[in-house]
Amino acid sequence: MSTSVTIEPRWYIVHTYSGHEERVKNNLEIRVSNLDMGHKIFDVVMPTEKTFEINKDGDRVSVDKRIFPGYIIVNMVMDDESWYIVRNTPGVTGFVSAEDEIEKRPKPVPLEQDEVDRILGHIETQKPTVTSGLQVGDIVKINEGPFADFMGSIDEVFLERNKVRVLVSFFGRETPVELDFFQVDKA
């Protein structure tokens, strides 16, 4: 495949098999090193964001969540040699591209600088988020505090505060109780 040559390095989106992004990133970095391509392929990034999940034991666990599943971004000087190295890395299915009007072939499309800044800026400035796996309507058992061993249903989830409001039935009426994520288990 003949690609146009760019002198300046640009960022390109590379499509990978879903779930193989990290493996492709590592394979590409190894290929760049082994084939001495560091002068043309400068950086390989798998954009992720830090999140916290509450595991079944009620512990907060840090997890890196992929921002763009099935994609990595590569900073490179685009020519036939660098295109070939990236395109033939195991797990890569291709570049995000558009058809070249003259040659009638797919041509990798570089990201605009403001897009790169947003993506890379998001990675550097992100605030961790928490996911609990708890949803409105879930039946839970309270495992801690004055309502320990009571059952109830989730009325509201407050992700920003890591809390849930649970409707607990006692003395014949439902009473809302606000609890931390780790104080409840799905029934």
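We did not get these values from a lab; they are worked out from the coordinates using the rules stated. Owing to the predicted nature of the structure, the values given are computational and were not obtained by experimental measurement. Cβ sites come from the backbone with ideal geometry, for glycine too, and all protein chains shown count toward neighbours.
For the stretch 134-148, backbone phi angles converted through the Karplus equation (6.51, -1.76, 1.60; θ = phi - 60°) give residue-by-residue couplings of 9, 9, 4, x, 5, 8, 10, 10, 7, 10, 7, x, x, 9, 3 Hz, Gly and Pro being listed as x. Cα-based radius of gyration for the stretch 133-186, normalised by 2.2 N^0.38 Å, reads 0.99. The rule of thumb for compact globular proteins, 2.2 N^0.38 Å, goes into the C-alpha radius of gyration of the stretch 1-97 1.25 times.
Extension gain for D185-I30 works out to 51.5 nm (0.36 nm per residue, less the C-alpha to C-alpha distance).
Taking amide H atoms as placed 1.01 Å from N in the peptide plane, the amide H of T16 lies under 5 Å from those of Y71, I72, T93, each 5 or more residues away in sequence or on another chain.
V45 to A98: FRET efficiency via 1/(1 + (r/R0)^6), r the Cβ-Cβ distance, R0 22 Å, to the nearest 0.05? Using R0 = 22 Å, I get an efficiency of 0.50. Per-residue 3J(HN,Hα) values for the stretch 79-95, derived from phi via the Karplus relation 6.51 cos²θ - 1.76 cosθ + 1.60 with θ = phi - 60°, read 8, 4, 5, 5, 4, 4, 4, 5, 4, 9, 6, x, x, 7, 9, x, 8 Hz in sequence order (x marks Gly and Pro).
Stretching the chain fully between L167 and D64 yields a gain of 33.8 nm (0.36 nm per residue, less the alpha carbon separation). All other residues whose Cβ lies under 12 angstrom from that of Q135 are scored, Lys and Arg at +1 and Asp and Glu at -1, for a net of -2. Packing order of peptides 76-86, 24-34, highest average first: 76-86, 24-34 (average count of other Cβ atoms within 10 Å over each peptide's residues). Taking max minus min of the alpha-carbon positions on each principal axis, the chain gives extents of 77, 34, 26 Å, largest first.
Near V184, the amide H atoms lying under 5 Å from its own belong to N143; only residues 5 or more places off or on other chains count, and H is placed 1.01 Å from N. Here the 3J(HN,Hα) profile of the stretch 167-175, calculated from phi with Karplus coefficients 6.51, -1.76 and 1.60 at θ = phi - 60°, is 8, 10, 9, 8, 6, x, 9, 7, 10 Hz, Gly and Pro shown as x.
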